[in-house]
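The values are calculated or read from the model by the stated rules, or taken from the named source; none is laboratory data. These numbers come from a predicted model, not from an experiment. Positions of Cβ are generated from backbone atoms using ideal geometry, with glycine treated the same way; all protein chains shown enter the neighbour counts. What goes into the accessible areas is simple: the full protein's heavy atoms, side chains included, and nothing from ligands, DNA or RNA. Shrake-Rupley method; radii C 1.70, N 1.55, O 1.52, S 1.80 Å.
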Amino acid sequence: FQRTEAPRPPGAKDLHAYPWDKSSLKSMPVDLQQFKKLDAYALKVNVKNSVEELVKALLKQARTDLEKVRAIWMWICHHIEYDVVGYHNKSQLSSKPRDVLQMGKSICEGYAELFEHMCSLAGIQCKKLSGHAKGHGYKTGQTFTGDSDHAWNAVYLEGRWHLLDSTWGSGSVDDSFTKFTYRYNEFYFLTHPALFINNHFPDNSNWQLLKPTLTLKEFENNMLHNSNFYMLGLLAAHPETPIIQTVNGKASVSVDCRSGTLFMFKLKGTDEHGLMTLKKHGMKLDIYPQKTGSHKLEIFAKPSKAEASDDVYKCVVEYVVECESVDKAMRFPKDLHQPVGPSWFSERQGFLRPSHRQPVLHTNDGRCSLTFTLGKDISVLTSLHTDGSSLAEDMGRRHVLQIHRGNQIELKVHLPHAGDFVLKIYSKKKSDPGNYDYIFNYLIRCLNTEVKWPTFPQSYSKWLQDYEILEPLSGLLPANRNVQFKLKMHGIAKVLVQAENTYPLTQNKGCWEGTCNTSGCREVFVMVHENANHSFYSHVLKYEVETP
């Protein structure tokens, strides 16, 4: 073992700019791939009789100082567990490296002392640092007083000081502080100081390794982004203060990220009282609490191309929303699904060039129309939902009409009454036999109480996707009237409209046209002859007739 010189205090060349420049999560270039073999070796070393023997064994595979620090770090993070019992009864606890090694557990103090001692045996300058941390039990917006409550280390590598926290690298403690779980966290190894300050405030501000340094007040007021926030490639959250006041019953939050990330949120444990939209580089969320007071708001994220192991939403940031007045008009239907509106996600599923990019559509006459360019081989299913029992499921389908023109799809919506509605859009590959997958939804709002549209006519399987109803669009025909029909259909020999009598339609420029009289019947069917030589007809559309 080589003796190390006394650690030099941090100087100008150790400092990093604050705020974070969004470049790297670490304070020096580290290639984790190159550590694979070393990491695996360090995990297998099983020496418990003395710290000297342990370090000797670990250094067998480590050449550079960085590799030595890595081997020590890896070993500690996977072999020392947090002592939840000792934490509650500190008088019985020894943080001496030898005792920590023998026991195989400790609190932060012991992790940091063991790390420092092992580094000095390996000839690497290392210092134990203490200070305040936004760790277990931290409450948003709290202040820090009195003695420091956490310990971590600085190591001297390649001419500069770097920060790490092996306690937090090793795992986490449950809410009741009774159980420790090993869960390795790469984030706390040589963390960029502008990110480390997010939850570590050293007693001696020189050890922030920042220029400018932060005051304790700034540290207290700053947003807490946990390690998931940065590990998922997120860049910033707005507002940058953890406590948000609503204005006229509304609060807004946004998150910036590099690429397609999926988000969700919970306000007091549910996602009902908000409108979240996904953006290419993040998300935007408007919150409308329906009760006054303080509400916890949690934002979760996961990568869109997740490996199965990562396929869970992780909490990335927390706010407290303080609400003074409630905006009752912004109560959303319970069928509304987050996120709302089109996004890169719906585009990836084949819904391109949406006519409406906003999540909410306002209609005064109770009608609206949306168009998309559809990707190849896509079959679409839509349904309309609202709170209360006014729309049974089959009826919800029939208030939306699909019109296909080439690769364009138009969705015509006719609302049955005023109110808030959810338009849900599902799709599947035409070639797939399976079910439709939910893709996205819109919120449609109509305040006009005069509105009362009937459903569209019911269509049957022989009604092909690229047929089009020009008139009548209403599925409810007036009684005792002559009604004009105009339908765009191709590849058909004959079309009949069957009321009390049967009325043939005539072909004119790709359209079948004619009139039918609704006297004396409750239903009207449109039927087609696909082949002039056949005697049978297929039903394609069905209309109801008003009771006179």
Which pairs turn up if I take residues in segment 51-63 that are under 12 Å from MET118 (Cα atoms) and look for partners that are buried (at least 16 other Cβ atoms within 10 Å of the Cβ) and not aliphatic (A, V, I, L, M) with beta carbon separation below 7 Å, at least 6 apart in sequence or on another chain?
VAL51/PRO97; VAL51/HIS117; LEU58/TRP75; LEU59/LYS68
Out of everything in segment 430-447 that is open to solvent by 80 Å² or more (accessible area, probe 1.4 Å) and at pLDDT 95 or above, what residue ends up being nearest to THR373 (Cα to Cα)?
ASP437
Answer with yes or no whether PHE351 is touching a helix residue (DSSP H, G or I) at 6+ places or on another chain (Cβ under 9 Å) and either assigned by the TED database to the domain that holds PRO416 or polar (S, T, N, Q) (or both).
no
What do you reckon, is LEU464 in contact with a His (Cβ under 9 Å, 6 or more places away or on another chain), part of a loop (DSSP other than H, G, I, E, B), open to solvent by 20 Å² or more (accessible area, probe 1.4 Å) and modelled with pLDDT under 95?
yes
Can TYR543 be described as touching a strand residue (DSSP E or B) at 6+ places or on another chain (Cβ under 6 Å) and over 22 Å from GLN402 (Cα atoms)?
no
Among HIS385, HIS362, HIS417, HIS404, which is touching an Asp or Glu at 6+ places or on another chain (Cβ under 9 Å), open to solvent by 20 Å² or more (accessible area, probe 1.4 Å) and farther than 21 Å from GLY260 by Cβ?
HIS385
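Yes/no per residue for (1) in contact (Cβ under 8 Å) with a residue 24 or more places away in the chain; (2) of a type in the set (S, T, N, Q):
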position	(1), (2)
GLY146	no, no
PHE187	yes, no
PRO193	yes, no
HIS200	yes, no
ASN226	yes, yes
Those residues that are open to solvent by 40 Å² or more (accessible area, probe 1.4 Å) and in contact with a helix residue (DSSP H, G or I) (Cβ under 8 Å, 6 or more places away or on another chain), I need them from segment 39-56; list them, please.
TYR41, LEU43, LYS48, GLU52
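To keep it simple, each residue is scored yes or no on (1) modelled with pLDDT of 95 or more; (2) farther than 23 Å from VAL253 by Cα; (3) open to solvent by less than 20 Å² (accessible area, probe 1.4 Å).
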site	(1), (2), (3)
ASP327	yes, no, no
SER346	yes, no, yes
LEU352	yes, yes, no
CYS368	yes, yes, no
PHE372	yes, yes, yes
LYS376	no, yes, no
Can you tell me how many residues in segment 145-176 are open to solvent by less than 20 Å² (accessible area, probe 1.4 Å) and either closer than 13 Å to MET74 by Cα or part of a loop (DSSP other than H, G, I, E, B) (or both)?
7
Mind listing just one residue for me: the one in segment 287-312 that is in a loop (DSSP other than H, G, I, E, B) and at pLDDT 95 or above and, of those, least open to solvent (accessible area, probe 1.4 Å)?
PRO289
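Each row is one residue, and each column tells you yes or no for (1) touching a residue at least 40 places away in the same chain (Cβ under 8 Å); (2) open to solvent by less than 10 Å² (accessible area, probe 1.4 Å); (3) β-branched (Val, Ile, Thr).
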site: ASP99; (1), (2), (3): no, no, no
site: MET103; (1), (2), (3): no, no, no
site: GLU109; (1), (2), (3): yes, no, no
site: LEU114; (1), (2), (3): yes, yes, no
site: HIS117; (1), (2), (3): yes, no, no
site: SER120; (1), (2), (3): yes, no, no
site: GLY123; (1), (2), (3): yes, no, no
site: SER130; (1), (2), (3): yes, no, no
site: TYR138; (1), (2), (3): yes, no, no
Pick from segment 511-548 the residues that are over 18 Å from ARG481 (Cβ atoms) and exposed (fewer than 13 other Cβ atoms within 10 Å of the Cβ): which of them is modelled with the highest pLDDT?
PHE536
State the number of residues belonging to segment 516-548 that are under 15 Å from GLU471 (Cβ atoms) and either out of contact with any Leu (no Cβ under 9 Å at 6 or more places or on another chain) or part of a loop (DSSP other than H, G, I, E, B) (or both).
1
Just need a number here: residues in segment 329-341 that are within 14 Å of TYR438 (Cβ to Cβ) and within 17 Å of the chain's Cα centre (by Cα).
5
Could you say which residue among THR277, THR241, THR213 is assigned to a loop (DSSP other than H, G, I, E, B), surrounded by fewer than 22 Cβ atoms within 10 Å (Cβ to Cβ) and modelled with pLDDT of 95 or more?
THR213
Would you check if there is a residue in segment 77-94 being out of contact with any helix residue (DSSP H, G or I) (no Cβ under 9 Å at 6 or more places or on another chain) and not in a helix (DSSP H, G or I)?
yes
